[in-house]
Amino acid sequence: MTEPRFVIPSDVTKWLEKVSAGDLGSGNVIASGEQAFEVFDPGTASRLATLPVSSQKSVELAVSTARKSFESGSWRNASPDDREKVLLALAALVERDFDFLSHLEALDTGKPLAEAMLDIHEVATVIRYYAGWANKVSGQTIASPKNLLAMTIRGPVGVCAAITPWNYPLPILMYKLAPALAFGNSFVAKPSELAPLSAIYFVGLCAEAGVPEGVVNLVLGAGQTGSDLVSSQGLDKIAFTGSSQTGQAIMAAAAKTTTKVTLELGGKSPQLVFASCDIDKAVAGVAMGIWTNAGQVCVAGSRLIVEGSIKDEFLDRLKKAGEDYVVGHSLDPLSAMGPIISAAQLDKITASLDSATKDGAAVHSLGKSSDLPGHFLNPTIVEGLTSSHSMHQEEIFGPVITVSSFETESEAVGLANSTRYGLAAGIWTGKAGQVQRVAREIDAGTVWANTYGAFHPTLPFGGTKSSGFGRELGESAVDGYTELKTIVEDISDEEGN
Ligand code: ADP
C-alpha cells in the first residue's frame, strides 16, 4: 500500500472528536444516546465518529418541539423580510465555513474534495435563492360577483420532515429545508446514517444565523429512526429522497396519517447519442454523467443508447475516457473518483456485475485503482446484454454504464422509456428539432440536451413513474412548502348593494 497523499485538517479532526464525545453543537439535535452508531470514511474504512441514535421517544420530542415552535409563531409570524435576512445570514455562514464543510462532506461521502466543494457552493446558492422567495410569495384576487371579494393567500404547511440520502447530503437537505424556512415552516430532518455529519454541523449554523429555537430539529439513526419519524402523528409534510423501496414504505406510512409526501426516488437514466452529435462533447458528457460521485447519483446516466453507425467509435472513446480516471481517497488531490459509500453497497454492485458476466456480458473495468483499504470500484462499462436484463432495468448506484444501440429515432425513444424509472435523460444530437421531438416523448422529469447534470436552484427537479412524484427547486417549492387558502368575503353594504 502506498502512503496516503492527504491529511485531514485539524479543525475537522477536532470537531469529529467533539461530536464523538457527545457534544453535538448548538443546533437542535435530538438523540437519546442509549444506542450508538458509527460513521466511516469510505475511502479508508476507518471510523470518523460515533453518534447517538434517536429513539422513538426522541423522534417524538423532535416533532413536538417543531410543533411548539410553529404554534408559537416565532418563525411563522416573523416578517418575510426578517426570514429573508436570516436565510441570507445562513448562506454567508456556509460560505464562512466553506473549507470545513467541504472537507467534512468529502470525508463522510468519499467524493473527491473538488466535488464536495461544488456541493457546498450549491448549498449556499440554494439558500440564497429561497431567501429571495420569502417576501415574493403571493396569492391572487379572483374574479367574483360584485358582492364578493375572493382571494387566495399562501401560508406555511406546518411541520415538515425530510429524510435524505448520503450521496449529496447537504444539497438534498437544502432542496427541502431552504424553501421550508423561507415560507415559515418548522422542520425535522433525518440525514442518512451513512453520511450525517454535515447536517449536524449545519443545524448549529441555523442557530447562529438566527433561526429561532426549535424550528430546525435533527434526529439521527438509520431506517428505524426514519420509520419512527414518518409514522409520527405530528407531521404535515414528508419530503423524501432515496430508494424506490423506501419511498414506497414512506408513502404507506404517510397514508395512515394522511400526511402529504413528495418522493424523489431512483433512476436508470438513458443517454441517447445520435450520430450527428459533437462526439468529443458527448463522450465527455456521458463519462461525467456516469462516473461523477462514482455513479452514486440518482440522475446517473447509466444507460448508453447509441446510434449503431457510431457505436464502436463512441465506445472506444468512452473506454479511453474511463482509463484516465484515477480512483482514490476523497482528499487525495489526484483522485477523480472516490469509493463506494459502504462495503454492503460495494458487495451489491459486484454481485450484479458477477451475474451479468455469468449471463454473457463483457464487463470492462477501466481506470487506475486505489490500493487504500476503502470500498473502491473502477469505472465500468457493461456490453452485450439485452435491454430487458436487470443490468439495464435496475438502478445499480455505482460507476457502471450499460450499452445498447438503435437505428431509428423512435427505436431510441422506445429503449429510453423501457424501464420503470423516469427521472432524467440526456440527448446528444447535432440535428435541429431533434431535441424537442425526442424530449417530448421521453418519460423523465428532466431532459438535458448536449449537456448533462446541469442543476440550478431555479430549475424544478423530480421524477415520473417509479422515480417518484412532486418537484423540488425553482418555483415548484412554493407549492411544496406553502398551503393555499381561499378567502371569500361578502362586501355588500346593509342594503345588499
Ligand atoms: P439509499 O440507498 O440512498 O441509502 P435508502 O432509501 O435506503 O436509500 O435511504 C435513504 C434514507 O431513508 C436514509 O436516510 C435512510 O436511513 C432512510 N430510511 C431507510 N429505511 C427507511 C424507512 N423504512 N422509513 C423511513 N426512512 C428510511
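Here are some residues: 372, 353. Which one is under 25 Å from residue 112 (Cα atoms), crowded, with 16+ Cβ neighbours inside 10 Å and in contact with a strand residue (DSSP E or B) (Cβ under 9 Å, 6 or more places away or on another chain)?
353
Which ones in the stretch 188-236 are under 22 Å from residue 77 (Cα atoms) and within 10 Å of the ligand (Cβ to nearest atom)?
189
Could you please give the count of residues in the stretch 398-425 that are among the hydrophobic types (A, V, I, L, M, F, W, C) and surrounded by 24 or more Cβ atoms within 10 Å (Cβ to Cβ)?
Initially, the stretch 398-425 is screened for residues among the hydrophobic types (A, V, I, L, M, F, W, C), giving 400-401, 403, 406, 412-413, 415-416, 423-425.
Add one more test, that the residue is surrounded by 24 or more Cβ atoms within 10 Å (Cβ to Cβ), and what stays is 400-401, 412, 416, 423-425.
So the count comes out to 7.
Is there any pair with a first residue in the stretch 463-485 that is within 9 Å of residue 421 (Cβ to Cβ) and a second that is part of a strand (DSSP E or B) whose Cβ atoms are under 7 Å apart and which are 6 or more apart or on different chains, and what are they?
Note: pairs meeting the criteria are 463/264; 463/422; 464/422; 465/421; 465/422; 466/421; 467/421; 467/422.
Output the number of residues of the stretch 102-118 satisfying the condition of being surrounded by fewer than 19 Cβ atoms within 10 Å (Cβ to Cβ) and either within 28 Å of residue 84 (Cα to Cα) or charged (D, E, K, R) (or both).
The number of residues fulfilling the criteria is 2.
I'm told residue 336 meets every condition in (1) at pLDDT 95 or above; (2) within 29 Å of residue 42 (Cβ to Cβ); (3) surrounded by fewer than 24 Cβ atoms within 10 Å (Cβ to Cβ); (4) over 25 Å from the mean Cα position of the chain (by Cα) except one. Can you identify the failing condition by its number?
(4)
Can you say whether residue 69 is among the hydroxyl-bearing types (Ser, Thr, Tyr), crowded, with 21+ Cβ neighbours inside 10 Å, in contact with a strand residue (DSSP E or B) (Cβ under 8 Å, 6 or more places away or on another chain) and modelled with pLDDT of 95 or more, as far as the supplied structure shows?
Working: among the hydroxyl-bearing types (Ser, Thr, Tyr): yes; crowded, with 21+ Cβ neighbours inside 10 Å: yes; in contact with a strand residue (DSSP E or B) (Cβ under 8 Å, 6 or more places away or on another chain): yes; modelled with pLDDT of 95 or more: yes.
In short, yes.
For (1) farther than 24 Å from residue 326 by Cβ; (2) in contact with a strand residue (DSSP E or B) (Cβ under 9 Å, 6 or more places away or on another chain); (3) not hydrophobic (A, V, I, L, M, F, W, C), each residue gets a yes or a no:
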site	(1), (2), (3)
362	no, yes, no
387	yes, yes, yes
390	yes, no, yes
395	yes, yes, yes
398	no, yes, yes
413	yes, yes, no
424	yes, yes, no
437	yes, no, yes
441	yes, no, yes
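Within the stretch 222-240, how many residues turn out to be of a type outside the set (A, V, I, L, M, F, W, C) and within 25 Å of residue 155 (Cβ to Cβ)? Reasoning before the result, please.
Step one: of the stretch 222-240, the residues of a type outside the set (A, V, I, L, M, F, W, C) are 223-228, 231-234, 236-237.
Then drop every residue that is not within 25 Å of residue 155 (Cβ to Cβ), which leaves 232-234, 236-237.
Selection size over the stretch 222-240: 5.
What are the pairs with Cβ atoms under 7 angstrom where one residue, in the stretch 277-293, is at positive phi and the other, located anywhere, is surrounded by fewer than 23 Cβ atoms within 10 Å (Cβ to Cβ) and of a type in the set (Phe, Trp, Tyr)? Sequence gap at least six, or different chains.
none
Does the stretch 158-176 contain any residue that is more than 16 Å from the ligand (Cβ to nearest atom), in contact with a helix residue (DSSP H, G or I) (Cβ under 9 Å, 6 or more places away or on another chain) and either more than 14 Å from residue 239 (Cβ to Cβ) or among the charged types (D, E, K, R) (or both)?
To start, the set of residues in the stretch 158-176 that are more than 16 Å from the ligand (Cβ to nearest atom) comprises 158-159.
Restricting the remaining residues to those that are in contact with a helix residue (DSSP H, G or I) (Cβ under 9 Å, 6 or more places away or on another chain) gives 158-159.
The next check asks that each one be either more than 14 Å from residue 239 (Cβ to Cβ) or among the charged types (D, E, K, R) (or both); those that pass are none.
Scanning the stretch 158-176 turns up no residue that is more than 16 Å from the ligand (Cβ to nearest atom), in contact with a helix residue (DSSP H, G or I) (Cβ under 9 Å, 6 or more places away or on another chain) and either more than 14 Å from residue 239 (Cβ to Cβ) or among the charged types (D, E, K, R) (or both).
Please tell me if residue 150 is more than 16 Å from the ligand (Cβ to nearest atom), at pLDDT 95 or above and in a helix (DSSP H, G or I). Even if it seems obvious, please write down each step before you answer.
Working: more than 16 Å from the ligand (Cβ to nearest atom): yes; at pLDDT 95 or above: yes; in a helix (DSSP H, G or I): no.
No.
Considering each residue of the stretch 243-265, count those that are buried (at least 23 other Cβ atoms within 10 Å of the Cβ), outside any helix (DSSP H, G or I) and near the ligand (Cβ under 9 Å from one of its atoms), and give that number.
1
With the checklist (1) within 16 Å of the ligand (Cβ to nearest atom); (2) surrounded by fewer than 22 Cβ atoms within 10 Å (Cβ to Cβ); (3) not in a loop (DSSP other than H, G, I, E, B) in hand, flag the one item residue 121 doesn't pass.
Result: residue 121 passes all but (1).
Quick one: would you say residue 126 is out of contact with any Cys (no Cβ under 7 Å at 6 or more places or on another chain), under 29 Å from residue 70 (Cβ atoms) and surrounded by 23 or more Cβ atoms within 10 Å (Cβ to Cβ)? Even if it seems obvious, please write down each step before you answer.
Numbers: out of contact with any Cys (no Cβ under 7 Å at 6 or more places or on another chain): yes; under 29 Å from residue 70 (Cβ atoms): yes; surrounded by 23 or more Cβ atoms within 10 Å (Cβ to Cβ): yes.
So residue 126 fits the description; yes.
Six or more apart or on different chains, Cβ atoms under 7 Å: show the pairs whose first residue is in the stretch 207-235 and within 30 Å of residue 92 (Cα to Cα) and of a type in the set (D, E, K, R) and whose second is within 16 Å of the ligand (Cβ to nearest atom) and part of a loop (DSSP other than H, G, I, E, B).
Nothing qualifies.
The values are calculated or read from the model by the stated rules, or taken from the named source; none is laboratory data. Just so we're clear, the structure is a prediction, and the values are computed from it rather than from any experiment. Heads up, the Cβs are rebuilt from the backbone with ideal geometry, glycines too, and the neighbour counts pull from every protein chain shown.
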